[in-house]
Amino acid sequence: MSTAVFPAESPTTAAPAAAATRGHVEITNVRKSFGGTEVLKGVSLTVPPGGVAVIVGPSGSGKSTLLRTINHLEKVDGGYITIDGQLVGYQVRGNKLHELREKDILKQRTDIGMVFQNFNLFPHLTALENVTEAPVVALHRNKAEARKRGLELLDRVGLKGRADAYPRQLSGGQQQRVAIARALALDPKILLFDEPTSALDPELVNEVLDVIRELATSGTTLIIVTHEMGFARDVADTVVFMDQGQIVEQGSPQEIFANPREPRTRSFFSKVI
Ligand code: ADP
Ligand code: MG
């Protein structure tokens, strides 16, 4: 990657985005292999500021890997990703890409919230401490202010009064809502969700989807991997169907669900809907 010649119209030279245009994600021809197997075969996707992209597709098609490249948890082998014109994980020096230092990668990641299937809360911290940990430790925010904001966020996800509960004292749906509040605490430009309801008992799915529905109208850019097709239809500006490391088809929910063009998309939906 360090030898790749970067195009002359480097996105890092773009003017800084105004506040109203936060969270413009540009994924360009991203490739990724694991041990000789290419699992992302040149994926390109644009999500405008405040846009909601829902990624669907069979298991193993590369959805999680794609999400993980967006916050540089996986390094790309080819192509590049920018957020508001800033390259993710790299900088351009002398017409070549060089990976950022760990410190700068961590700083960049504070703009990118991620919510995982299995919540990944710190078990020894309360709900509120889970939410305030990153702002205080990573961003050195004032503790009292972080606490105030943390309580507001717990309220926003419907967990007023549960601030002092430990993860083991909360249902899966409540834990996932804490995880969403935690992701919001850094005021991210974009939020990535990787099957946020797949680990939940069916009766707990909706309380989490309702929180994400609210976020979808709030102006934060969302990229969501899910198998919840009804939810995808409701919230998505664009639905992306991935199979075997490629985007097979992309369009509005109406186009993709009601009128898919590609046989592979039709075949997938005939099994899941
Ligand atoms: P999805 O999220 O769509 O189910 P993934 O992105 O998790 O798909 O995986 C795509 C492919 O990449 C799968 O074949 C998976 O086994 C492989 N893969 C993912 N992560 C790794 C890894 N860290 N090492 C080796 N193979 C991996
Ligand atoms: Mg996955």
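Of note:
- When the Cα atoms of the range 110-218 are aligned to their principal axes, the ranges along those axes come out at 39, 29, 20 Å in descending order.
- Charge dipole of the chain about the Cα centre (unit charges at C-beta), most positive-ward option of Leu209, Ala127, Gln174: Ala127
- Length-normalised contact order for the range 99-251 - Cα pairs under 8 Å, 6+ apart - percent: 26
- Over the Cα atoms of the range 105-149, the radius of gyration divided by the Kirkwood radius equals 0.97; this is the Rg/Rh ratio.
- Normalised size of the range 79-168, defined as Cα radius of gyration per 2.2 N^0.38 Å with N residues, equals 1.38.
- Multiplying the residue separation of Leu73 and Glu152 by 0.36 nm and subtracting their alpha-carbon distance yields 25.5 nm.
- Taking the empirical scaling 2.2 N^0.38 Å for compact globular proteins as reference, the chain has a Cα radius of gyration ratio of 1.01.
- Which of Thr21, Gly251, Ala199, positive extreme of dipole for the chain (C-beta unit charges): Thr21
- For the range 131-173 versus the range 27-51, the gap between their alpha-carbon centres in whole angstrom: 33
- Order of Met242, Met229 - criterion: other Cβ atoms within 10 Å of each residue's Cβ, fewest first: Met229, Met242
- Taking other C-beta atoms within 10 angstrom as a stand-in for reagent exposure, Lys63, Lys107 fall in the order Lys107, Lys63, fewest first.
- Theoretical ellipticity at 222 nm over the chain - DSSP helices of four or more residues, -39500 (n - 2.57) apiece, nearest 500: -9500 deg cm²/dmol
- For the chain, the Cβ-based charge dipole about the Cα centre amounts to some 520 debye (Lys, Arg positive; Asp, Glu negative; other atoms uncharged).
- Per-residue Cβ neighbour rank within 10 angstrom, fewest leading, Arg266, Arg156: Arg266, Arg156
Throughout, read-outs are computed from the coordinates displayed, never taken from laboratory work. Bear in mind the structure is a predicted one, so any value in this text is a computation, not a measurement. Methodologically, a virtual Cβ is constructed for each residue, glycine included, from the backbone with ideal geometry; neighbour enumeration extends over all protein chains shown.
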